[in-house]
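Working notes, structure below.
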Amino acid sequence: MNLLENDNFSFIFDLYRQMNLYSLSYIYRGGLSIDLSNKILSLAETNMANHSESSATKKKVYFIMLESLQNITRHQDIKTEENIDNSSFFVIQRLVNDYYITSGNIVENKNIEALNSKLSKVNSLDKDSLKQYYKEILTQGEVSTKGGAGLGLIEMARKSGNKLAYDFKEINKDFSHFYFQIKVSVPDPDPAFQDIDVDRLTWIEGLEERILEKNLNLIYQVDFTQENLISILSMTEGNIGSKDDLALRKKIFNIIVELSQNIYKHADEPNKEKEGKSGIFLIGEKNGEYTLTTGNLILNNKVAALSSSLDRVNKADFDELETLFNKIIMVDEKKGQKGAGLGFIDIKMKSRNSLSYHFSPVDKDYSFFEIQVKVSEKQLN
Amino acid sequence: MEILHIEATSDTPKVRLDSISGTFEISQRCFPEDAVGFFLPIIEWIKNYSKTPNQQSNFNFKLEYFNTSSSKQLFKILMLLEELSRNNEVVISWHYHKADSDMLSSGERYSKLLQLPIKMVEI
């Protein structure tokens, strides 16, 4: 049974492959509060610790992320027309030799010239002149009204030791997207990561366009482990509905837990050295309806059993599901059984929606399994 | 009997089982990776307690979330309490936030499955 629109999953599978290939750890789109920035930072810290990155690299990446995120939170409150999505955008990638930290936000066209000249000034200076320029600005106190003195930019350039990459993409006569990317080179290349041979900033801009079309907020692709699940949850929590949508928030939280735990309990990981399982997690929102999607690899010989258990859940009505749930809950688990076998039933009961799923053949051993569930406040009442 | 005290983490609940002060409580979030392993000492403690229980025991479940693998373990705990209630006074309170109908349904489900009176407490 193929419930997902074809276009949608070719997009997700494609995104999974691209993110894997280009080592995108995660992409965040949406409003960015200070609290959420902190969560993004702590997630990066955990992931860097897991990759046993040197402390100098960790510090640099952390500093540049912090500055980039602060730039966004400081400048994101500009008022745009209703039809312009003024969400911010944040991406972190780890490649063989470098980290790439890319941020994006809306700017007013009238400010572009000043921003452009600051950026090209910083890029025109070598290491020593940057240091000199930093001192100059510090003593002159050329502070902009938004509290940024351009010092942040200079510091980022100094810490990264690389030129700043940036781009403006006009939306209309008043506003543009501003993209900003910094590279942090890592002293010891890690061949476990792949390198890419494309213009990275252009590639990311194209990616954001596609994400925007799909109303996605958070895309996260990394090893699924319990630790990473906790980070995903805390990032999502800060980003769902208003404070009073407690019921909806809890449902979403529960569904994320079940979907993610399914990945690290049941996914098949070709790379046996990995601690977790590779997978992708996406959350999107449109008119109060949240769409939660996960994707992971499974062995071809498990596809039939997995589809039939999903079909069984989808065909059952809610009374039948309740009976099924109760039957399973009362049976003692078999030795070595990883999950309770209740996840899909629980997800359908909580979301009040069927589960869409799809398998895309990858090779003779593996398929890519996607599952998607929608939940909205409207359905709950 | 020794007190069983487990501090909460971001994915496991706070547990306090203390027969001296008569506190039996499990609260906060519960979605451990290994639910069976996490609940094992709790189930053992309740089994032991059931040998020499207090005249009255008040068990409080104050969970914010729990995953499906924990739901099975909670069922086991409630089954032990049902057994205990045959010869002893046992009061089970299931706390839920008033907007959280899923938590309320879970409590009602356990009560029905075990034919055990569970007090639903709205918070």
Counting only residues in the stretch A:224-239 that are touching an Asp or Glu at 6+ places or on another chain (Cβ under 8 Å) and at pLDDT below 85, the one nearest to the other protein chains (Cβ to nearest Cβ) is identified as A:Thr225
Every listed condition ((1) outside any strand (DSSP E or B); (2) buried (at least 21 other Cβ atoms within 10 Å of the Cβ); (3) away from chain A (no Cβ under 14 Å)) holds for B:Phe61 save (1)
Those residues of the stretch B:10-45 that are surrounded by 20 or more Cβ atoms within 10 Å (Cβ to Cβ) and acidic (Asp, Glu) come to a total of 1
Kindly evaluate A:Thr291 against the criterion of being closer than 30 Å to B:Glu108 by Cα and not basic (Lys, Arg).
yes
- Query: Would the stretch A:284-305 turn up any residue that is among the basic types (Lys, Arg), under 20 Å from the mean Cα position of the chain (by Cα) and on the phi < 0 side of the Ramachandran plot?
  - Reply: yes
Of the residues in the stretch B:73-117, those that are under 14 Å from B:Phe24 (Cβ atoms), more than 10 Å from chain A (Cβ to nearest Cβ) and either surrounded by 15 or more Cβ atoms within 10 Å (Cβ to Cβ) or among the aromatic types (Phe, Trp, Tyr) (or both) come to B:Ile77, B:Leu78, B:Leu80, B:Leu81, B:Leu84, B:Ser85, B:Val90, B:Val91, B:Ile92, B:Ser93, B:Trp94, B:His95
Those residues of the stretch A:100-116 that are touching a helix residue (DSSP H, G or I) at 6+ places or on another chain (Cβ under 8 Å) and aliphatic (A, V, I, L, M) come to a total of 2
Here the residues within the stretch A:303-325 that are exposed (fewer than 15 other Cβ atoms within 10 Å of the Cβ) and touching a helix residue (DSSP H, G or I) at 6+ places or on another chain (Cβ under 9 Å) are A:Ser309, A:Arg312, A:Phe318
Checking B:Pro41, B:Pro53 in turn, the sole residue that is of a type outside the set (Lys, Arg), more than 20 Å from A:Ser351 (Cα to Cα) and assigned to a loop (DSSP other than H, G, I, E, B) turns out to be B:Pro53
Exception for A:Lys265 within (1) in contact with a Ser or Thr (Cβ under 7 Å, 6 or more places away or on another chain); (2) in contact (Cβ under 8 Å) with a residue 40 or more places away in the chain falls at (1)
Taking the stretch A:208-224 and the residues there that are under 11 Å from A:Phe89 (Cβ atoms) and among the acidic types (Asp, Glu), the one that is surrounded by the fewest Cβ atoms within 10 Å (Cβ to Cβ) would be A:Glu209
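The values are calculated or read from the model by the stated rules, or taken from the named source; none is laboratory data. Everything numeric in this text was worked out from a predicted model, so none of it was measured. Note: ideal-geometry Cβ built from the backbone for every residue, glycine included; neighbour counts use all protein chains shown.
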